[in-house]
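A.B. asks: Sharing a structure, written as structure tokens. Questions coming.
The values are calculated or read from the model by the stated rules, or taken from the named source; none is laboratory data. Note that the structure is predicted; figures quoted are calculated from it, not measured. Side chains included, ligands, DNA and RNA excluded: accessible areas come from the protein's heavy atoms. Shrake-Rupley method; radii C 1.70, N 1.55, O 1.52, S 1.80 Å.
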Amino acid sequence: MAGLYSLLLSVAVASGAMLIERPFCDGVKKAGQYFTGSNVFCLSTALVNTEARAVETLAHEMVHLAQDCAGGGLQTDAYALLLSEQPPSVAAAEEEAYQLERDPRRVVELVRLHCY
């Protein structure tokens with residue numbers, strides 16, 4: 001599992017992203033957060049306490065990175081859905097991220113495709 005986390009993190013960093021770790025990212029309920037338009041991830045160390053959870057959380061947030069890049073780049077604060085034909089919305093973006101977080105290698109491909 002550590003290999004998957006290292007792979008995700010290296011791809012995120014290669015895209016220009018920065019990871020910060022805090023006890024809580026934005027309230028006590030979020031395991032992670034991606035700040036659209038800033039290329040910054042936060043990982044909640046109080047909530048993410050296993051490697052499997054770290055992989056799942058980082059993969060989820062990296063989907064948002066790829067959505068951000070696909071929406072016109074990090075300077076736009078816009079995002080696009082990657083695999084869905086639905087119009088972009090916060091709910092659709094979250095749904096897509098929850099579906100894709102289970103396939104970290106696909107997330108790596110999507111970030112490389114849209115952010116490199």
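A.B. asks: Quote the accessible area belonging to Thr36 in square angstrom, nearest 10, computed with a 1.4 Å probe and with ligands, DNA and RNA left uncounted.
C.D. replies: About 70 Å², ignoring ligands and nucleic acids.
A.B. asks: Considering only protein heavy atoms, with the full assembly of protein chains and a 1.4 angstrom probe, order Arg53, Arg112 by accessible area, largest first.
C.D. replies: Result, largest first: Arg112, Arg53.
A.B. asks: Further question: What 222 nm value per residue comes from the helices of the chain, counting each DSSP H run with n ≥ 4 as -39,500 (n - 2.57) and dividing by all residues, nearest 500 deg cm²/dmol?
C.D. replies: About -15500 deg cm²/dmol.
A.B. asks: Okay, moving on. Tell me the relative contact order for the chain as a rounded percent, counting alpha carbon contacts under 8 Å between residues six or more apart.
C.D. replies: It comes to 26 percent, rounded to a whole number.
A.B. asks: On the first, second and third principal axes, largest extent first, how far apart are the outermost C-alpha atoms of the chain in Å?
C.D. replies: Ordered largest first, the chain gives principal extents of 34, 29, 24 Å.
A.B. asks: Which percent of the accessible area of segment 1-103 is formed by carbon and sulfur heavy atoms (probe 1.4 angstrom)?
C.D. replies: Of all accessible area on segment 1-103, carbon and sulfur atoms account for 55 percent.
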